[in-house]
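Let me begin by handing over the structure; questions about it come next.
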Amino acid sequence: QVQLVESGGGLVQPGDSLRLSCAATGITFSTYVMAWYRHAPGKQRELVASITTEGNSNYVDSVAGRFTISRDNAQNTVYLQMNNLNPGDTAVYSCNARRFALSPKYDLEFWGKGTLVTVSS
C-alpha cells in the first residue's frame, strides 16, 4: 500500500521558517519525481516545487529564492524548506509522487493528505 505522509506544518509568524517532510512507503522512491503542491482557500491548487529523480529542482516564481526542495532517497523522504514565510504562503501543502512511463496511460501518481501551513501575525 502506497502512503505519502506529510509533517511539519503549523502556525508561524511572517518571516519565520518551516521545514515540511513527506515520508513515502510502498513505492520505489528513487524512481519517482517528487513535488509539493499547495491549496489555499479560494484559490486553485498550485505546484510549488518539484525535484526530479536526478535531483534537479524547479519552483514557482512566488517561492523561488525562499523555498528549497530536497530529497533523501535512502530515507524515502522529500523535504520543503520554507524561509521568510508570508501570509500568502498560507495553504494546505501536499506531497505528490509521480513516475512517468513511456506511455502516459501507465504513469503512476500518488498524493499525501496534506499539512496545513498558516502564516499570520
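Restricting attention to the range 6-21, which residues are open to solvent by 80 Å² or more (accessible area, probe 1.4 Å) and either modelled with pLDDT under 95 or hydrophobic (A, V, I, L, M, F, W, C) (or both)?
Hit for the range 6-21 is L11, nothing else.
Determine the pairs where a residue that is farther than 14 Å from E6 by Cα and acidic (D, E), located within the range 75-90, has a partner that is modelled with pLDDT of 95 or more and surrounded by 15 or more Cβ atoms within 10 Å (Cβ to Cβ) with Cβ atoms under 6 Å apart, the partner being 6 or more residues away or on another chain.
Between residues of the range 75-90 that are farther than 14 Å from E6 by Cα and acidic (D, E) and residues that are modelled with pLDDT of 95 or more and surrounded by 15 or more Cβ atoms within 10 Å (Cβ to Cβ), the close pairs are D89/V119.
Select from the range 22-70 the residues that are farther than 14 Å from A97 by Cβ and of a type in the set (S, T, N, Q) and write down the one among them that is most open to solvent (accessible area, probe 1.4 Å).
Among those residues, the one meeting the criterion is Q44.
Could you tell me whether T53 is more than 14 Å from the chain's Cα centre (by Cα) and assigned to a strand (DSSP E or B)? Let's see the steps before the verdict.
Values: more than 14 Å from the chain's Cα centre (by Cα): yes; assigned to a strand (DSSP E or B): no.
Against the criterion (more than 14 Å from the chain's Cα centre (by Cα) and assigned to a strand (DSSP E or B)), T53 does not qualify.
While we're on this one: Please state which one of D89, D107 is of a type in the set (D, E) and surrounded by 15 or more Cβ atoms within 10 Å (Cβ to Cβ).
Just one listed residue meets the conditions, D89.
Restricting to the range 33-70, what's the tally of residues that are of a type in the set (D, E) and more than 16 Å from V92 (Cα to Cα)?
Total meeting the criteria: 2.
The values are calculated or read from the model by the stated rules, or taken from the named source; none is laboratory data. None of the values given here were measured: they were computed from a predicted structure. Glycine gets a Cβ as well: all are built from the backbone with ideal geometry, and neighbour counts include every protein chain shown. Heads up: the accessible areas ignore ligands, DNA and RNA and are worked out on the full protein's heavy atoms, side chains in. Shrake-Rupley method; radii C 1.70, N 1.55, O 1.52, S 1.80 Å.
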